[in-house]
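Notes follow the structure.
The values are calculated or read from the model by the stated rules, or taken from the named source; none is laboratory data. Quick caveat: nothing in here was measured; it's all calculated off a predicted structure. Positions of Cβ are backbone-derived with ideal geometry, glycine not excepted, and every protein chain shown enters the neighbour counts.
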Amino acid sequence: MIFKHAPVLLREILADMSWKNSDVVVADFTVGGGGHLKALLENNPLPKKILAVDQDPAALKAAKENLKDFPNIEFLHSNFSEISADKFPEKFDRISIDLGVSSHQLDSAERGFSFQKDGPLDMRMNPTAGESAAEWLAHCSEEEFIKILRDYADESRARPIAKKWSDARASKAIRTTREFVEALGFTLESKDRKGRHPLTRAFQAIRMHINQEFQVLQKILDELPNLLKPNGRVSILSFHSLEDREVKWLLRGKLKQIHKKVIIAQDDEMDENPRSRSAKLRIFELTKEE
Ligand SMILES: C[S@@+](CC[C@H](N)C(=O)[O-])C[C@H]1O[C@@H](n2cnc3c(N)ncnc32)[C@H](O)[C@@H]1O
């Protein structure tokens, strides 16, 4: 399948994350298909070093193909939570972070990220490690499931959903997205009054738990000030209010936010790319005196 993912808030990222000469080290910690990185490289002098990281081997493969015209790129299969200043003592002038899943991951039925497509209930961004959603859902307690639904999705129906789930799994092994949705009394095509699938939030919460998205974000936010050179910048795009809050608070006093307000997509982008509607962008700089 061709890698399809429209880079979000690209204009705004190009405006604030560009650089002036080749003596820079640039990293994308969530390279995905390489959309943001490619645009940055096309519009700036070629850096002396480029690091492209993703925890998904399929994304890295797509990025390698998309970025094949650029030399000096080190592709690294890793969770960004593993990146630390002792592994990269030279530090970075630019770091891009674009959280969450790509449209390509969502569109790939075999990854189990979308309940609109039938596939194995997996949801791991790195399918070579950890527990799949089906494995976790087979053994999690009702209370654990309720906590995940409440913490990550603010789901008001957490208790009935968890109860229905534990009754359903007691009578049948549930391994696919379709079986999961049907066990909770819906179909893949179900829609709520807003036209969304009633399990949209539950699905996002399970994905966040399976990939420990909140925990790895906290880890990299702690490390970011050690990874930047003086005047170095990091852009962080998030799609969940909890994540944006964490970005704002954990970097406060450590890095300087270069715009007072969070950056959101303009109307034309929201019309063209619905995914951009929930995007929040913050850009920070390590000022010389910090
Ligand atoms: C929204 S996509 C990035 C899209 C990219 N900016 C582009 O323009 O093509 C997010 C990517 O980050 C990866 N990712 C998410 N969390 C990660 C983490 N903790 N460590 C490494 N990669 C991660 C996902 O696998 C996915 O490929």
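Worth pointing out:
- Annotation for the range 261-279: at least one member residue is touching a Ser or Thr at 6+ places or on another chain (Cβ under 7 Å), surrounded by 12 or more Cβ atoms within 10 Å (Cβ to Cβ), touching a residue at least 40 places away in the same chain (Cβ under 8 Å) and of a type outside the set (A, V, I, L, M, F, W, C).
- Taken over the range 88-124, the criterion of being of a type in the set (D, E, K, R), within 14 Å of the ligand (Cβ to nearest atom) and either at pLDDT 95 or above or part of a loop (DSSP other than H, G, I, E, B) (or both) is satisfied by 94, 98, 122, 124.
- Residue within the range 36-47 that is among the polar types (S, T, N, Q), within 23 Å of residue 238 (Cα to Cα) and either near the ligand (Cβ under 9 Å from one of its atoms) or without any contact (Cβ under 8 Å) to a residue 60 or more places away in the chain (or both) present: no
- Pair list, Cβ under 6 Å, 6 or more apart: the range 48-62 residue assigned by TED's automatic domain parsing to the domain that holds residue 88, other residue more than 6 Å from the ligand (Cβ to nearest atom) and in a helix (DSSP H, G or I): 52/63; 54/60
- All positions within the range 215-232 that are buried (at least 19 other Cβ atoms within 10 Å of the Cβ) and within 16 Å of the ligand (Cβ to nearest atom): 217, 220, 221, 224, 227
- Conditions (1) buried (at least 21 other Cβ atoms within 10 Å of the Cβ); (2) closer than 28 Å to residue 89 by Cβ: number failed by residue 212: (1)
- A search for C-beta distances below 6 Å between a residue of the range 68-93 that is under 19 Å from residue 215 (Cα atoms) and any residue that is at pLDDT 95 or above and among the basic types (Lys, Arg), counting only pairs 6+ apart in sequence or on different chains, returns 81/219.
- Where residue 287 falls short, out of the listed (1) among the β-branched types (Val, Ile, Thr); (2) surrounded by fewer than 14 Cβ atoms within 10 Å (Cβ to Cβ); (3) at pLDDT 95 or above: (3)
- For the range 36-58, a residue qualifies if it is at pLDDT 95 or above, touching a helix residue (DSSP H, G or I) at 6+ places or on another chain (Cβ under 9 Å) and surrounded by 18 or more Cβ atoms within 10 Å (Cβ to Cβ), and the qualifying residues are 36, 37, 38, 40, 44, 47, 50, 52, 53, 54, 55, 56.
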